[in-house]
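A quick write-up on the structure given underneath.
The values are calculated or read from the model by the stated rules, or taken from the named source; none is laboratory data. None of these values were measured; they are calculated from a predicted model. Positions of Cβ are backbone-derived with ideal geometry, glycine not excepted, and every protein chain shown enters the neighbour counts. Surface areas here come from the heavy atoms of the whole protein model, side chains and all, with no ligands, DNA or RNA. Shrake-Rupley method; radii C 1.70, N 1.55, O 1.52, S 1.80 Å.
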Amino acid sequence: MSTRDTALPSSTDVVVIGGGIAGTAMAFYLAREGVDVVLVERGELNREASGTNAGSFHLQLAIHQLSGQGGDAERDRLLADARLSLEAFEVWQGLGAELDGDLDLHLTGGWMVAETEEQLKTLRDKHELEQLAGIETEVVTGDDLRQRAPYFTERLLGATYCPLEGHANPLVVAPLYALRAAQHGAVVRTHVDVLGIDVHGATGARRFTVRTSAGPIDAARVVDCGGAWAGELASLVGLRFPVRSEGLHVNVTEPRPPMFRPMIQHIGRRLTLKQTENDTFIIGGGWPSPAIAPPRRYPTSWHSAAGNTAVAVSVVPGLADVRVVRTWSGVIVFTDDFSPVVGESLAVPGFHACVSSTGFTFSPMFARQLAEQMAGPASASPFPERYSLDRATHRLEFR
Ligand SMILES: Cc1cc2nc3c(=O)[nH]c(=O)nc-3n(C[C@H](O)[C@H](O)[C@H](O)COP(=O)(O)OP(=O)(O)OC[C@H]3O[C@@H](n4cnc5c(N)ncnc54)[C@H](O)[C@@H]3O)c2cc1C
């Protein structure tokens, strides 16, 4: 599929900005619903977070990453997030069939491990919430843990196990979404930078003019799928999203005979670890790298490579002599309030967004729901208030 030379129409119903997993999924689901859609990407498809992530499905609540404020509101939010995890899991389960392709999907189950009494208590609290939400996890400690996971260090006090976790191949998913979107009639164009968005008083086809490096496109609606740059795109229509971007580091090793299959995360330290089907280990978990502005690529850091692998070895000692063969980094979007930014703006009707931090896991589900809502508003469920595009501190002045 050529995406560089595709003719760019001067008008469409929906312009999707961003060619990561969120944007390509939006283009696919919209086109499948019969909506006219143009996707523009300033670089290559899947070149940013969606193609540089660690590919894990994070369905257990990662309480250590959350606000830790406790209270009823926090509890309600966590319960709602756990329920959404189930929906994300269901979308992933059917995704290979939906896209008619092999996503290298492996539902291996996943451990979240604890080394201290405090971490173990957090795991137990988290497990209770997950049960309430209907997501299956169990707390495993002592001899049970040693028997089921002899590869863990004896220092671990316990772990939760979730059979729904696993991983898929981030190099495959967004490109396949893009291909299927094009086959359903979407225009997918790379090397087109969005430079400005004019909002007109009118509704319908002339509501927006998206000014791009390849010329203007009039559109009735726009979807911001700009990932780490979603905030910059939102500011073009005068909205301020509660997002920031950070560089993250990932390591991959040489292959070794199978040691374990479940995905492993740590409740209190920065670690995600998995052994892939080709027997290499992918080691990530949020170690930092500098986030340099595009078009420059991102440097890796010895400090992060060493720190990340040291945590991995301290949890799975059998990794001690496995050689790292490659490290890379990518840029991720974080929302300041831990909730995604998904839906339509009330302040700028017609302007939509699909932005989430654990976006490999969640973007397919959010994109599908948002596309259904855009294609037939009456039939689709609205998103919770806390996802609102308008929730940020204040609106910018229109330029
Ligand atoms: C190192 C790393 C590890 C991660 N690990 C996991 C994981 O294991 N599991 C998980 O669920 N999530 C993980 N994530 C998060 C996940 O990768 C992201 O949440 C997800 O990929 C976001 O997808 P996206 O499509 O929103 O953004 P992106 O993939 O970043 O795509 C946004 C696109 O918008 C384009 N764009 C921006 N501005 C413009 C403009 N002005 N004009 C045209 N195009 C523009 C960009 O070029 C980019 O291609 C990880 C992220 C990183 C960086």
Conditions (1) within 21 Å of residue 358 (Cβ to Cβ); (2) away from the ligand (no atom under 13 Å from the Cβ); number of the one not met by residue 88:
(2)
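Yes/no matrix, rows are residues, columns are (1) within 17 Å of residue 8 (Cα to Cα); (2) open to solvent by 10 Å² or more (accessible area, probe 1.4 Å); (3) part of a helix (DSSP H, G or I):
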position: 185; (1), (2), (3): yes, yes, no
position: 195; (1), (2), (3): yes, yes, no
position: 202; (1), (2), (3): no, yes, no
position: 205; (1), (2), (3): yes, yes, yes
position: 217; (1), (2), (3): yes, no, no
position: 221; (1), (2), (3): yes, yes, no
position: 229; (1), (2), (3): no, yes, yes
position: 232; (1), (2), (3): no, yes, yes
Considering (1) open to solvent by 10 Å² or more (accessible area, probe 1.4 Å); (2) within 27 Å of residue 320 (Cα to Cα), say which one residue 134 fails and leave the rest.
(2)
On the basis of being near the ligand (Cβ under 10 Å from one of its atoms) and over 22 Å from residue 240 (Cβ atoms), does residue 330 make the cut?
yes
Based on what the data block shows, is residue 240 in a loop (DSSP other than H, G, I, E, B) and open to solvent by 20 Å² or more (accessible area, probe 1.4 Å)?
yes
Does segment 331-352 hold any residues that are crowded, with 19+ Cβ neighbours inside 10 Å, in contact with a strand residue (DSSP E or B) (Cβ under 6 Å, 6 or more places away or on another chain) and not in a loop (DSSP other than H, G, I, E, B), and which are they?
331, 332, 333, 335, 341, 342, 344, 351, 352
Of the residues in segment 137-165, those that are small (Gly, Ala, Ser) and open to solvent by 10 Å² or more (accessible area, probe 1.4 Å) number 1
If we keep just the residues of segment 105-160 that are among the small types (Gly, Ala, Ser) and assigned to a helix (DSSP H, G or I), which is modelled with the lowest pLDDT?
133
With 282, 292 as the choices, which residue is among the β-branched types (Val, Ile, Thr), open to solvent by less than 60 Å² (accessible area, probe 1.4 Å) and out of contact with any strand residue (DSSP E or B) (no Cβ under 6 Å at 6 or more places or on another chain)?
292
What are the residue pairs meeting all of these: first residue in segment 308-332, first residue without any contact (Cβ under 8 Å) to a residue 40 or more places away in the chain, second residue surrounded by 14 or more Cβ atoms within 10 Å (Cβ to Cβ) and not hydroxyl-bearing (Ser, Thr, Tyr), Cβ atoms under 6 Å, and 6 or more apart or on different chains?
313/319; 320/313
Taking only pairs six or more apart or across chains, which ones have beta-carbon atoms under 9 Å, a first residue in segment 239-267 that is free of Cβ contacts under 8 Å to residues at least 24 places away in the same chain, and a second residue that is surrounded by 24 or more Cβ atoms within 10 Å (Cβ to Cβ)?
258/275
Residue under question is residue 268, and the condition is that it be assigned to a loop (DSSP other than H, G, I, E, B) and over 18 Å from residue 52 (Cβ atoms); does it hold?
yes
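Residue by residue, here is whether (1) away from the ligand (no atom under 15 Å from the Cβ); (2) touching an Asp or Glu at 6+ places or on another chain (Cβ under 9 Å); (3) closer than 30 Å to residue 163 by Cα holds:
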site: 9; (1), (2), (3): yes, yes, no
site: 16; (1), (2), (3): no, yes, no
site: 19; (1), (2), (3): no, yes, no
site: 46; (1), (2), (3): no, no, yes
site: 51; (1), (2), (3): no, yes, yes
site: 58; (1), (2), (3): no, yes, yes
Can you say whether residue 124 is out of contact with any Cys (no Cβ under 9 Å at 6 or more places or on another chain), more than 30 Å from residue 176 (Cβ to Cβ) and touching a residue at least 24 places away in the same chain (Cβ under 8 Å), as far as the supplied structure shows?
no
Please verify whether segment 28-35 includes one or more residues that are within 12 Å of the ligand (Cβ to nearest atom) and either open to solvent by 30 Å² or more (accessible area, probe 1.4 Å) or in contact with a helix residue (DSSP H, G or I) (Cβ under 9 Å, 6 or more places away or on another chain) (or both).
no
Count, please, the residues in segment 34-52 that happen to be out of contact with any strand residue (DSSP E or B) (no Cβ under 8 Å at 6 or more places or on another chain) and of a type in the set (Lys, Arg).
1
